Amino acid sequence: MEHTADNCIFCKIVSGEIPAERLHEDDKFICIRDVRPQAKVHLLLVTKRHIPSLDELYAKTGAPGVGEAALEVATAVARKQGLLPGGFRLVINTGGHGGQTVFHLHIHLLGGNDLEGTFG
Ligand code: AMP
């Protein structure tokens, strides 16, 4: 199936069509909980715009400042959620080989327990 904004689950969450608790919201991102947590705390920082992947962000979409802002916001959310000074991990799966399953740009924010020995 083609991945478009029309059938995108994260677009539906961003628009409010599918309700989800927002742990953070600003002009560029929302932060929600992952439905299948891989760590004690597993959040998703999701772009408000339908950008299909990291590749699209840099190759085609031309959304200036999104990448830099994402790292800053993810770190601020991690701090607010009590993941510092313990630590956290950010993961961006990109494309099929990268394990991406939802083709709407998002960063996994994992923490709350020792992640050593796990990857992604
Ligand atoms: P990725 O494999 O990197 O594309 O990650 C997609 C993530 O979205 C997975 O970890 C899923 O568990 C998560 N996910 C899928 N649908 C939802 C949803 N409706 N609400 C929250 N998380 C979701």
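What follows is calculated from the coordinates using simple rules that are stated; it is not laboratory data. None of the values given here were measured: they were computed from a predicted structure. So basically every Cβ, Gly included, is an ideal-geometry build from the backbone, and we count neighbours across all protein chains shown.
Values computed for the structure shown
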item	result
Residue in the stretch 18-38 that is surrounded by the fewest Cβ atoms within 10 Å (Cβ to Cβ), counting only those that are part of a loop (DSSP other than H, G, I, E, B) and more than 11 Å from the ligand (Cβ to nearest atom)	Asp27
Close pairs (6 angstrom Cβ cut-off, 6 or more residues apart or separate chains): under 26 Å from Thr75 (Cα atoms) and touching a residue at least 12 places away in the same chain (Cβ under 8 Å) in the stretch 3-30, aliphatic (A, V, I, L, M) and away from the ligand (no atom under 13 Å from the Cβ) anywhere	Cys11/Ala5; His24/Val77; Lys28/Ala69; Phe29/Val73
Residue match in the stretch 84-95 (condition: more than 16 Å from the ligand (Cβ to nearest atom) and among the hydrophobic types (A, V, I, L, M, F, W, C))	yes
